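One structure below.
Only the coordinates and a few stated rules stand behind these numbers; no lab work does. Please read these numbers as outputs of a predicted model, since none were measured by experiment. Using ideal geometry, Cβ is built from the backbone for each residue, glycine included, and neighbour counts are taken over all protein chains shown.
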């Protein structure tokens, strides 16, 4: 019963809001997010018991873990779009790739920053070069590079193709981040599961996770619209764009 | 011998519960950063929103 | 009129590689620049860290790979710049050869250049930092080759992209460095073992890790490179 209400029901609602109710998503998602975040963080901050060893500092988990999970989901979406674009080029796919990368980077940065803050009282250091943190830092810089590439290329088609290539290569890091705690001895703990986590922590964690997912989806939708309108403007006025370097010029004119 | 027992009892009283005490500063900093970052990003999305005109946005 | 039969991919790659090596041999411009740049980097490290030779000796593997990494950004950028002058790249693409041959030739060529560079730097390091090659030439060469391969493959993909974008000199390191960090870490660890001895027999597992990275990067590069240079 508990699992039903905390794990399954909010997830089903979110899926319905994103698929069946997609037309009203820009209204329903914020409401869903505020409710689940309100309950999740409210319970996490004031109701859930302190951890046996970490005390109250453990409450950071209800923000750090959902942030990182949402980041990984967003970046997996980016990987999917990058692959899809190479098989079937479309501005929609490219815009979704741009949106998911930016949102993924945002949540990832927040997640890593929160992890660093959490590390100070628990591990004694803000940072250490263990596998989980190192691969997470790589992820942040890699996707900053992805967004920088998008900004530095003006031809929309080349930008989309090259971003797809870079997105695919950058995504190699994602499974390494996920499994790093299992493959190597890391300061960061191994993945928790409902079996290893106290029931009192599960409700706020699950609700906060769904809240962050909903927020990520909402941000991606809005960022996607911004990207699509930029694409429309670029494609409609090709003469206004300076073309990229040598590749488009005829031989010898360079 | 009894002084050792005394020391032992005092020491037992000074060993903590093995749990981090306090730390609410870290918690509030984390949550503040989270909410702040999400709000700022939402604001940036709002500011960058596409203008609905047939001419098309200039950016 | 029948279409000319496309040359086999490996043969095309060999021809292109021969062309690159010939150009390189005739001018030796790139190799000279690389050697001087890498040498200065090694010198700078020893200045920056002071006269404590124990520290330099312990971390020599890391400094070597950093010097090779920095030099690789020059090497990779240059290896594609020559193609874009006089639109040579267009000529290559129009030839009846597989575009992936271009990737193979560039990646192998850059690997060879970096391995050569590493080989030239080792005696310098022996002199400057006081290291010894404890494990022998075979392991040293394996480490060099595996590490340079892991640098060259993604480097070629990114160099081809960066060369056509704005801020190309910034973009190549920005894109390349985060991706090759895991491979570079493995190469550094392996080199440290080669230079200082391997009592616990760990070298094999680092080679395995490097091999894995190479498989992924070369595979991805092979598949994705044609999309990067197509028009």
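Within the stretch A:182-201, find all residues whose amide N lies under 11 Å from a label point positioned 7 Å from the Cα of residue A:53 along Cα-to-beta-carbon.
The answer is A:189-190.
Rank the residues B:20, A:220 as a footprinting-exposure proxy: fewest other Cβ atoms within 10 Å of their Cβ go first.
On the way: B:20 18, A:220 22.
Placing the least packed residue first, the sequence is B:20, A:220.
Could you give the semi-axes, largest first, of the ellipsoid that matches chain A, computed as the square roots of 5 times the alpha carbon gyration tensor eigenvalues and rounded to whole Å?
38, 23, 14
For the stretch C:2-160, how big is the tail of P(r) above 18 Å, as a whole percent of Cα pairs?
62
Of the candidates A:102, A:53, A:234, which one comes out as most mobile in a Gaussian network treatment of chain A with C-alpha springs shorter than 10 Å?
A:53
Mind pulling the angle between the C-alpha long axis of helix C:9-27 and the longest principal axis of chain C? Nearest 10 degrees, somewhere in 0 to 90.
The helix C:9-27 is inclined about 60 degrees to chain C.
Sequence gap at least 6, Cα distance under 8 Å: using those rules, report the relative contact order of the stretch C:66-202 to the nearest whole percent. Present the calculation step by step, with values, prior to reporting the outcome.
Numbers: 96 pairs, mean separation 47.3, N = 137.
Here the relative contact order equals 35 percent.
Please report the spacing between the Cα centers of the stretch C:196-224 and the stretch C:98-115 in Å, no decimals.
19
Fewest to most neighbouring Cβ within 10 Å: what's the order for A:210, A:24? Before the final figure, lay out each step's value.
Details: A:210 25, A:24 11.
Fewest-to-most Cβ neighbours within 10 Å comes out as A:24, A:210.
Per DSSP H run of n ≥ 4, the term is -39500 (n - 2.57); total these for chain C, divide by its residue number, and report the mean residue ellipticity at 222 nm rounded to 500 deg cm²/dmol.
The helix-only estimate for chain C comes to -28500 deg cm²/dmol at 222 nm.
Rounded to the nearest Å, what's the spacing between the alpha carbon centres of the stretch A:110-189 and the stretch A:86-109? Just the number, please.
Using only Cα atoms to place each centre, the spacing works out to 16 Å.
Can you put C:200, A:54, C:89 in order, fewest other beta carbons within 10 Å first? Can you show the working numbers first?
Values: C:200 7, A:54 17, C:89 21.
Exposure proxy ranking, most exposed first: C:200, A:54, C:89.
Only helical DSSP H runs with n ≥ 4 go in: add -39500 (n - 2.57) per run for chain B, normalise by residue count and round the 222 nm mean residue ellipticity to 500 deg cm²/dmol.
-21500 deg cm²/dmol
Hey, what number do you get for chain A at 222 nm if only DSSP H runs of n ≥ 4 count, each worth -39500 (n - 2.57), divided across all residues, to the nearest 500? Could the numbers behind the result be given before it?
Numbers: 8 runs with 174 residues, N = 254.
So the calculated ellipticity at 222 nm is -24000 deg cm²/dmol.
Between the stretch A:1-39 and the stretch B:25-52, what is the C-alpha centre distance in whole Å?
What the calculation gives is 21 Å, centre to centre.
Would you mind calculating the relative contact order of chain A from Cα pairs under 8 angstrom and at least 6 residues apart, reporting the percent as a whole number?
33 percent.
Nearest 10 degrees is fine. How inclined is helix A:9-18 to the longest principal axis of chain A, computing both from alpha carbons?
The helix A:9-18 is inclined about 20 degrees to chain A.
Just want to confirm a number: the relative contact order over chain C, from Cα pairs under 8 angstrom separated by 6+ residues, in percent.
Normalised by residue count, the contact order of chain C is 28 percent.
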